[in-house]
Amino acid sequence: MIDNHTDGWESTTKLQLTPGGAPEKHIMHSDKPFGYKTKTEQSINLIVKNSATITHDEHGKMVLEPGTYSKTNQMEFDPFQNTVSYVFD
């Protein structure tokens, strides 16, 4: 099991995957604790020992089987404006 504060890893049974306080939230939850390590505000590593579920208001739930996952947010580059922005669903 992932120990809290060991090499930056934390454990929980519920985690908001959307950065900041975004109104459309992807929430990951499990009956048993799962490990996570925040790399940046936009990137999180996950270790799921039991199944976990990601829920969202606008689409069906996603079930994650045991395994190692990496969550990142999609970025979009506008070559005409020379800007980078994050893409949210």
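Values for this structure:
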{"item": "Number of the exception - F80 against (1) at pLDDT 90 or above; (2) in a strand (DSSP E or B)", "result": "(2)"}
{"item": "Only one of K25, K37 that is part of a loop (DSSP other than H, G, I, E, B) and at pLDDT 75 or above", "result": "K25"}
{"item": "Of all residues making up the stretch 58-82, the number that are over 23 Å from K25 (Cβ atoms) and out of contact with any strand residue (DSSP E or B) (no Cβ under 9 Å at 6 or more places or on another chain)", "result": "4"}
{"item": "Whichever residue in the stretch 1-22 is modelled with pLDDT of 80 or more, within 12 Å of the chain's Cα centre (by Cα) and under 15 Å from S70 (Cα atoms) and, among such residues, is surrounded by the most Cβ atoms within 10 Å (Cβ to Cβ)", "result": "L15"}
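The values are calculated or read from the model by the stated rules, or taken from the named source; none is laboratory data. Quick caveat, the model's predicted, so the values are computed rather than measured. Please note: Cβ atoms are built from the backbone with ideal geometry, for glycine as well, and neighbour counts cover all protein chains shown.
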